[in-house]
Amino acid sequence: MNGREEQGQPARGLDAWAIEVREGAARDDAFWARQSAEIGRHTRPRSVPAWGWVAALGTASLAATALAILMTRGPQPVPAPAPMLAVAAVVATGDDQWLMDVEKAVLREVPLAFEPVDFLLPGARDPDAE
Amino acid sequence: MTRSTTSIIDVPARRAVGLEAAAFDGIVRAHQRRLYRLLLAMTRNPDEADSLTQETFVRAFEHRDAFRGDCAVGTWLTRIAINLVRDRTRSSLWRFWQSLFRRDGDAAAEAEQVPDDAPDPARALLAREDARAIGEAVARLSVRQRAAFTLRYLEEQSVAQIAETLGCEVGTVKSHLARAVASIRREVGHERS
């Protein structure tokens with residue numbers, strides 16, 4: 001059932017009202033395009049404004065200046081090695097020393113413990129020398 | 001007259017959940033005419049209707065994450081638009097300016113509305129008188145009655161659709177419509193007598 005009939009309202013007035021509103025709401029394409037653009041200004045991602053580029057250039061200039069100042073200061077003192085590196089160096093040195101000691105012991109003709117005897121009794125080590 | 005027949009109005013919102021910025025342009029194009037027409041009927045002020053149409057879309061975009069998909073996009077937008085009209089109407093300052101400009105605007109519009117080459121000037125004038133009287137009576141309704149009346153008789157929505165838009169029961173909508181029509185009939189009758 002039509003809403004106009006169920007409410008008992010004469011159709012003529014309501015129809016005229018609806019037609020008037022529809023005609024009054026009719027706009028040309030330029031109006032809708034302008035309205036869409038206005039809405040889009042709030043909903044579309046914004047491009048970087050001109051002042052944004054200026055700020056970016058200023059920041060880049062400051063960074064370049066700071067870098068140039070740092071480079072003209074000359075070589076910086078070498079920082080002390082970190083503790084872990086020092087320990088590693090000590091360990092490496094100890095290993096080398098130990099290997100050298102082993103090599104000396106292997107090449108030694110008289111064991112280290114008999115060296116005093118060898119010193120006191122030179123002939124004891126090589127009987128043919130006498 | 002251009003009527004939006006785009007199916008996106010009836011697309012369940014869950015398929016448009018997220019409402020990405022790229023898709024939002026399409027939603028604007030699909031719904032701007034219908035929303036403007038609705039808002040013009042409710043405010044009777046073209047500038048106000050334009051401004052509220054824009055505000056509806058901007059607010060929808062800002063709150064697009066809150067869109068749950070439990071109704072169509074068109075229903076959701078209509079709900080936002082009606083809420084904006086309600087908020088605007090609550091402003092006493094707005095009411096003052098609205099009443100001030102409505103008197104002048106109606107007189108000017110009335111003078112422009114009678115064409116010289118009308119086939120039956122008397123009938124056309126009578127119809128326009130009815131339309132004007134109804135428009136004035138609609139403007140004096142409460143926002144919810146005005147919304148129900150406009151959605152029913154301008155947008156030709158079903159009572160169930162109106163209930164979904166207004167977020168109330170079907171019986172409540174029928175009550176709003178009955179009161180609105182009774183009020184309009186009473187005011188139009190007074191104008192004629």
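Here, each number is a calculation from the coordinates, and none is a lab measurement. The model shown is predicted, which means the values in this text are computed figures rather than measured ones. For neighbour counting, all protein chains shown are included, and Cβ atoms are generated from backbone atoms with ideal geometry for every residue, glycine included.
Observations, loosely collected:
- Peptide B:149-155 has a mean of 4 when you count, residue by residue, the C-beta atoms of other protein chains within 10 Å of its C-beta.
- Neighbouring Cβ atoms from other chains, within 10 Å of the Cβ of residues in B:176-187, number 2 on average.
- Full-stretch length increase - A:E109, A:R22 - with 0.36 nm per residue and alpha-carbon distance subtracted: 19.4 nm
- With the highest mean first, a sort of the peptides A:29-42, A:53-66, B:165-178, B:133-146 on other beta-carbon atoms found within 10 angstrom per residue produces B:133-146, B:165-178, A:29-42, A:53-66.
- For A:25-32, mean number of other protein chain Cβ atoms within 10 Å: 5
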